[in-house]
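Here's the structure, in structure tokens; my notes come after.
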Amino acid sequence: MGREFGNLTRVRHVITYSLSPFEQRAFPNYFSKGIPNVLRRTRGCILRVAPPFVLAYLIYSWGTQEFEKSKRKNPADYENDK
């Protein structure tokens, strides 16, 4: 009764290839090529990415300290109160 889901239309001039999941390797060359590639790519862009994050952290920490400092009362304003 009709076509099954996934094959609802007929597409012409498109070639698809598939490989059985039993023939695939899930993590080929993961330790020998994958991790060194991540390290190489990280070293390549760290000088572009890290300075804005460091600057943002310094501004955030400075702003937090100033906010906490502004919440405290000045004890000199209350010396003559009794």
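Working only within the stretch 40-82, note down all residues that are charged (D, E, K, R) and either in a helix (DSSP H, G or I) or in contact with a strand residue (DSSP E or B) (Cβ under 7 Å, 6 or more places away or on another chain) (or both).
Taking the stretch 40-82 as the starting set, the residues that turn out to be charged (D, E, K, R) are 40-41, 43, 48, 66, 68-69, 71-73, 77, 79, 81-82.
Across the stretch 40-82, the qualifying residues are R40, R41, R43, R48, E66, E68, K69, K71, D77.
With the condition kept exactly as written, say whether any residue in the stretch 14-29 is at pLDDT below 95, part of a helix (DSSP H, G or I) and under 27 Å from the mean Cα position of the chain (by Cα).
Residues of the stretch 14-29 that are at pLDDT below 95, as a first pass: 14-29.
Still in the list and also part of a helix (DSSP H, G or I): none.
Looking through the stretch 14-29, none of the residues is at pLDDT below 95, part of a helix (DSSP H, G or I) and under 27 Å from the mean Cα position of the chain (by Cα).
Among all residue pairs at least 6 apart or on different chains, which show Cβ distances below 9 Å where the first residue, located in the stretch 1-29, is loosely packed, with under 10 Cβ neighbours inside 10 Å and the second is of a type in the set (G, A, S) and part of a loop (DSSP other than H, G, I, E, B)?
L8/G2
The values are calculated or read from the model by the stated rules, or taken from the named source; none is laboratory data. Here the structure is a predicted model, which is why all the values come from computation and not from measurement. Every residue, glycine among them, receives a Cβ derived from its backbone with ideal geometry; neighbour counts consider all protein chains shown.
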